[in-house]
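Down below is the structure, laid out as structure tokens.
Readers should treat all values here as calculations from the given coordinates under stated rules, not as data from a laboratory. This is a predicted model, so every value here is computed, not measured. Cβ coordinates were reconstructed from backbone atoms using ideal geometry, including for glycine residues, and neighbour counts include every protein chain displayed.
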Amino acid sequence: MPRTQQIWQYLRLHRGASIIVGHVIVLGTLGLVLLGSALGTSLFGAFAQASCASGDRTYTVNSGDTLGSIAARYHSSWQAIASHSKLANANMIYAGQRVCIPGGATQVQLLTRQVNSAANKGSINTFPYGECTWYANLRYYQLHGYYVPWTTSANAWQWTTRAYQYGWHVSSSPVAGAIIDLQPGVQGASYSLGHVATVEKVLGNGHVIASSMNWGAFPGQITNVEFAPGPGVTFIIG
């Protein structure tokens, strides 16, 4: 049988297999193209740097940040940040990326907005003289012109919960003039009552100098003590 006839016969016998293989190759190629396009779009969206609108605040993402945690810090929502930052994938952000915070308000501005309702501002200091709670309340009044509104169920360690209940701002980031609340045993605070003091200054390393009463080895005295933000530490302002 001539060589050309042998080849033709082989192709006829294996025509079905050839068609199947051809289709598999075509589908595989299309799949790779689509996958590459999707990945390219996601990567481009993730690594694109936001150009924030006038009035927005620019935030640089730190390791461990999520849009949810950033939104909570700036009293916004992750949807608003994703929209303002034109993120293709809200679940894909990376350290060093810039995102846009709507409205442009800084954290200090958000923390220092006074509560409008008079019910959320105290007019008297009911805490026992000589206790850290009495002095923190007095010093806060000297700085802001009003006392804390809670008077019961208010040992030092409870002030964070009470602040939430009265609509005061509670943050893990320090600001001068805020009340610092340490939970029991944190950084030397009483193991039964915790400790409150008033932030006089925020240092360059993020620590604070807070005026305290009845701290450690100085019962009944007012001292300036250095504290560090961290677990069991909150900052309260109304």
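Worth a mention:
- Check on Ala154, in a loop (DSSP other than H, G, I, E, B), of a type in the set (A, V, I, L, M), touching a helix residue (DSSP H, G or I) at 6+ places or on another chain (Cβ under 6 Å) and within 18 Å of Tyr135 (Cβ to Cβ): yes
- In the range 179-203, the residues that are surrounded by 15 or more Cβ atoms within 10 Å (Cβ to Cβ) and in a loop (DSSP other than H, G, I, E, B): Gln183, Pro184, Ala189, Leu193
- Hits in the range 185-201 (condition: touching a strand residue (DSSP E or B) at 6+ places or on another chain (Cβ under 7 Å), of a type outside the set (Lys, Arg) and more than 16 Å from Met213 (Cα to Cα)): Val186
- Out of Gly220, Gly206, one residue alone is assigned to a loop (DSSP other than H, G, I, E, B) and not polar (S, T, N, Q). It is Gly206.
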